[in-house]
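Structure record follows, encoded as structure tokens.
The values are calculated or read from the model by the stated rules, or taken from the named source; none is laboratory data. Remember, it's a predicted structure, so these values are computed and weren't measured experimentally. Positions of Cβ are generated from backbone atoms using ideal geometry, with glycine treated the same way; all protein chains shown enter the neighbour counts.
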2 protein chains.
Amino acid sequence: VGHRVVSVQPAVGPPPIAAAVSRIRPRDVSAEAEAARRLDDLTKPPGSLGRLEELAIGLAGMTGVAAPIFPRKAVVIFAADHGVTAQGVSAYAGEVTAAMVANFLAGGAAINVLAGTAGAEVVVVDVGVRSAIPEPRDTKPGVRARLVRARVRAGTRDLSIEPALERPQTEAALEVGLRLADELRRAGVTIVAVGEMGIGNTTSASAVVAALTGADARSVTGRGTGVDDATLERKVAAIERGLARVGPVPADPLRVLDEVGGLEIAGLAGFIVGAAAVRIPVVLDGFITGAAALVAARLAPALPPRLIAAHRSAEPGHAAALDALGLDPLLDLRLRLGEGTGAALALTLIDAACALRDGMATFSGASVPGPVAG
Amino acid sequence: VGHRVVSVQPAVGPPPIAAAVSRIRPRDVSAEAEAARRLDDLTKPPGSLGRLEELAIGLAGMTGVAAPIFPRKAVVIFAADHGVTAQGVSAYAGEVTAAMVANFLAGGAAINVLAGTAGAEVVVVDVGVRSAIPEPRDTKPGVRARLVRARVRAGTRDLSIEPALERPQTEAALEVGLRLADELRRAGVTIVAVGEMGIGNTTSASAVVAALTGADARSVTGRGTGVDDATLERKVAAIERGLARVGPVPADPLRVLDEVGGLEIAGLAGFIVGAAAVRIPVVLDGFITGAAALVAARLAPALPPRLIAAHRSAEPGHAAALDALGLDPLLDLRLRLGEGTGAALALTLIDAACALRDGMATFSGASVPGPVAG
């Protein structure tokens, strides 16, 4: 059997996002100091493993443990459709979203390969796909993928014409993510990489980043999965129409999701807040997850030190999101696929950082002389 | 038992470097085209896996096989000492070279951890260590490391005072590398990552890069394993004295090795030429291996397309070497350790690229619609 289906129950009572926001703590500086001391005793010049050492220290601060290990990892992919695809903003038809969800469950997508390499399970969340998910066929043996059915709405409305979401839908999508983070923590997941699938979602993400940073639409809009010049012009025009309704950067970040957001972006924002609240390190993927993290950071200003940016996407809006978050990505491999592929690659760097921390000899243990002068 | 000892026999007759140079072929464009076709049929937008796709294509061209696999990998570390350490150019004493070789054989170094993660064996080549290699103690279980004893000379002479090597020594070190590449090929190694160990070797590498590119000594000299300002000044002065003997960029790249080279740099240059001659892809590490590759490329102008630059080191001379080679590194993690650590990390990216190529579904196989317009 290739996948299990788990339902997330609808919320009862007011959304607990504020409670989760209030539980996000600064990183644990004493765990970080202890991690740094251990690293400096290993048989290498101090700091010579560069960002791998920074990772080991940062993970100590995020978890509150000097030498955390991550035996159970998950790549969590939020999937949803976008009404704005009616404007012809993508090189792919909307039904590809549902087909790719089926591909994730069958184990045939890039993220299945890279999650397998990283030793991570794949969790796909249907938070707003428009059409039925086709029954997966030819499921690969040993696939570790499951579907969470939590569809809030069958895709957003067309953000170029009207608000993408009504507030209760925005809140419901946030809460799907928030509750899933808690469920995964209870199941023993120790680190999460986030990804997404949604034809048209670079249009929404560009609009979200522009609305939250005040950037010009064109400066944060790219070619997504590979659109031509005419499509790019339609995409910019659609975003500008949506942004006209938002007006100046709003104090309430949820207004941005209502007007120009996506259900997967809202779900991701809730999930990121929820994971940070329970001290699970969050590895961001590319542009869409970066836009979601920016929404989450506007809800929870203490969030960014608990995020790891996996890679710099080829999408121009990603740099703007990372700048606003103050994050420096680990990889720059010109990936522009999404799904969590860059984040899954970063999980292997995280494993390498932990393995170095735990597997190397110390100067005294190996009889290697240390530096001559401090 | 933690390691085996294998001897490389001294050369008989003239060095076969010229023969190896003449065997280096351009990359196989038909294998590359076939690899690109396969990648475009996978369930992802064309090219969206960025440099991972470029890697899969490049490896096809290097090996002449559309979908090469790399079941046996080796990290090959050339170790040697440097007479210029008498000038006080390093933060570490010269005996650290031999102690670290023992650490590699015992499995306690960073490269042992990362080679293990990458599924690679470690081969350490003593091509010019000054002192006896201490008997490894506390060897970790399961260490896959062996020592090749091929010491040409007990360290170089002090390049700031006199030529570092005599020509027969330079040639002997080149040949150690050349022969080892052939030995590894016959043993079934399919891809190699190169690394080095040698206290003082950033001084030699800076001098080599300056001598071969005509760059100013200061512009290609950095802090190595972490020297202070006064040491950096001594280092630049030592390099300038060596460069004064070299004069303008010489037509014969071996003259640069004679005057300011290192035995591990010469060994690496021979090894890189030898691996390329037998179509084994070569993954470079940081600054020292980049300097060695630059020497190799001056001997064999067809070489650079057969090299993969793993990472951009924090050393300023590395960028000059990569520019001269026309290589764009995969990673930028501010590593400055050497040993092959960055190259071992790149091996895991190479495995990921091959796994994606072989493990993903095709559009037709997964019933996923392709792009709407081309």
| message | Which condition from (1) part of a loop (DSSP other than H, G, I, E, B); (2) of a type outside the set (Ser, Thr, Tyr); (3) modelled with pLDDT under 95; (4) surrounded by fewer than 20 Cβ atoms within 10 Å (Cβ to Cβ) is the one that residue B:6 breaks? | response | (1)
| said: Which count do you get for residues in the stretch A:206-228 that are under 20 Å from residue A:91 (Cα atoms) and assigned to a loop (DSSP other than H, G, I, E, B)? | reply: 9
| message | For a quick check of your reading: which helices (runs of 4 or more DSSP H) sit entirely within the stretch A:249-360 and have at least 3 residues that are within 13 Å of chain B (Cβ to nearest Cβ) and either of a type in the set (A, V, I, L, M, F, W, C) or over 21 Å from residue A:192 (Cβ atoms) (or both)? | response | A:341-359
| request: Hey, can you tell me all the residues within the stretch A:211-239 that are within 20 Å of residue A:86 (Cα to Cα), of a type in the set (Val, Ile, Thr) and more than 12 Å from every other protein chain (Cβ to nearest Cβ)? | output: A:221, A:236, A:239
| request: Run residue A:63 past the list (1) more than 23 Å from residue B:351 (Cα to Cα); (2) within 11 Å of another protein chain (Cβ to nearest Cβ); (3) out of contact with any strand residue (DSSP E or B) (no Cβ under 8 Å at 6 or more places or on another chain); (4) of a type in the set (S, T, N, Q) and report the number of the one that doesn't hold. | output: (2)
| query | Does any residue of the stretch B:224-234 turn out to be in contact with a Gly (Cβ under 8 Å, 6 or more places away or on another chain) and among the basic types (Lys, Arg)? | reply | yes
| task | Would you please name the residue that is nearest to the other protein chains (Cβ to nearest Cβ), looking only at residues in the stretch A:361-374 that are assigned to a loop (DSSP other than H, G, I, E, B) and small (Gly, Ala, Ser)? | result | A:361
| remark: In the stretch B:23-54, anything facing another protein chain (nearest Cβ under 7 Å), assigned to a loop (DSSP other than H, G, I, E, B) and among the charged types (D, E, K, R) is listed as B:44
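Residues being in contact with a Phe, Trp or Tyr (Cβ under 8 Å, 6 or more places away or on another chain) and of a type outside the set (Asp, Glu): count how many of those fall in the stretch B:293-317.
Of the residues in the stretch B:293-317, 2 are in contact with a Phe, Trp or Tyr (Cβ under 8 Å, 6 or more places away or on another chain) and of a type outside the set (Asp, Glu).
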| Between residues in the stretch A:94-108 that are touching a residue at least 40 places away in the same chain (Cβ under 8 Å) and residues that are acidic (Asp, Glu), which pairs lie under 7 Å by C-beta distance while being six or more apart or on different chains? | A:94/A:81; A:97/A:81; A:101/A:126; A:106/A:138
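Could you look through the stretch A:157-215, keep only residues that are of a type in the set (Asp, Glu) and touching a helix residue (DSSP H, G or I) at 6+ places or on another chain (Cβ under 9 Å), and pick out the one that is surrounded by the most Cβ atoms within 10 Å (Cβ to Cβ)? Spell out how you get there, then give the answer.
So the first thing to find is which residues in the stretch A:157-215 are of a type in the set (Asp, Glu), and the list is A:158, A:162, A:166, A:171, A:175, A:182-183, A:196.
Now restrict to residues that are touching a helix residue (DSSP H, G or I) at 6+ places or on another chain (Cβ under 9 Å): A:158, A:162, A:166, A:171, A:175, A:182, A:196.
On the way: A:158: 19, A:162: 13, A:166: 12, A:171: 21, A:175: 24, A:182: 18, A:196: 28.
Filtering first and then ranking leaves A:196.
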| request: Considering each of A:137, A:51 in turn, give the residue that is touching a residue at least 24 places away in the same chain (Cβ under 8 Å), surrounded by fewer than 20 Cβ atoms within 10 Å (Cβ to Cβ) and in contact with a Leu (Cβ under 6 Å, 6 or more places away or on another chain). | output: A:51
